[in-house]
Amino acid sequence: MALNNYIKRDIVASLRNISLVKAKIADVMPVSQNMRLPDIRECAIFGTQPFECLMDAVINFPDETYTILINKQPVAMCGTAQYPDSKDNASVWMLGTNDIDKHYFVFLRGAKECINILQGEYKNIDNIVPVDHTKTIQWLQWCGFKFEEHIENHYGYDFLRFNRCNLFQSSIYNESSRPVMH
């Protein structure tokens, strides 16, 4: 692993010892090898391995894939993928390592800003989470995501859909319109 991959980083946001940086291929291995069990399970439900999933994101969505560093070490990768039929909506995702639990308070400190950056100009970001991933659900709620009440079933597993609206992009008062003529 080249040291250069960790020295020269495109820092998007930074707060003390946590940083959000543009993802590099070199981030895939350390994150996939130390991934949390719930995230490994989620990959498995959808028929993929952590390494494949992260590599696919870095290669196919390089402008919207990020790495979260704590003390300059990769602890998670995240990103968005715009829906093909809507430029205003995207799927949001994150896969993390066991180091998130070791640095939970540091991680929480930077989480909301990270979500704001991922949201960007999208009016809505959403995805699904297994109903039994209670820790992830609590974190998503803390970050401002709302959950739909009905349960979706995918590959024999129950999921909850979560979403987050960008108030600055979604408000009718922010939409440009023609003046009303009386």
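Below is a table of values for the structure above.
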quantity	calculated
Conditions (1) closer than 22 Å to G120 by Cβ; (2) touching an Asp or Glu at 6+ places or on another chain (Cβ under 9 Å); (3) assigned to a helix (DSSP H, G or I); number of the one not met by V21	(3)
Cβ-Cβ under 7 Å pairs, at least 6 apart or on other chains, segment 105-119 side over 13 Å from C165 (Cα atoms), far side open to solvent by less than 20 Å² (accessible area, probe 1.4 Å) and assigned to a helix (DSSP H, G or I)	F107/I100
In segment 70-84, residue nearest to V28 (Cα to Cα) [restricted to those that are open to solvent by less than 30 Å² (accessible area, probe 1.4 Å) and modelled with pLDDT under 95]	I70
Tabulated pairs, segment 10-36, first hydroxyl-bearing (S, T, Y), second surrounded by 14 or more Cβ atoms within 10 Å (Cβ to Cβ), C-beta under 6 angstrom, 6+ apart or interchain	S19/L69; S32/P50; S32/F51; S32/L54
Residue that is nearest to E121 (Cα to Cα), among those in segment 54-69 that are open to solvent by less than 80 Å² (accessible area, probe 1.4 Å) and polar (S, T, N, Q)	T65
Members of segment 33-67 found to be more than 14 Å from the chain's Cα centre (by Cα) and among the hydroxyl-bearing types (S, T, Y), listed by number	T48
Of the criteria (1) part of a strand (DSSP E or B); (2) touching a helix residue (DSSP H, G or I) at 6+ places or on another chain (Cβ under 9 Å), which one S91 fails	(2)
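The values are calculated or read from the model by the stated rules, or taken from the named source; none is laboratory data. Here the structure is a predicted model, which means the values were calculated and not measured. FYI the Cβ positions are ideal-geometry reconstructions off the backbone, even for glycines, and counts take in every protein chain you see. Keep in mind that these areas ignore ligands, DNA and RNA; they rest on the heavy atoms of the full protein, side chains included. Shrake-Rupley method; radii C 1.70, N 1.55, O 1.52, S 1.80 Å.
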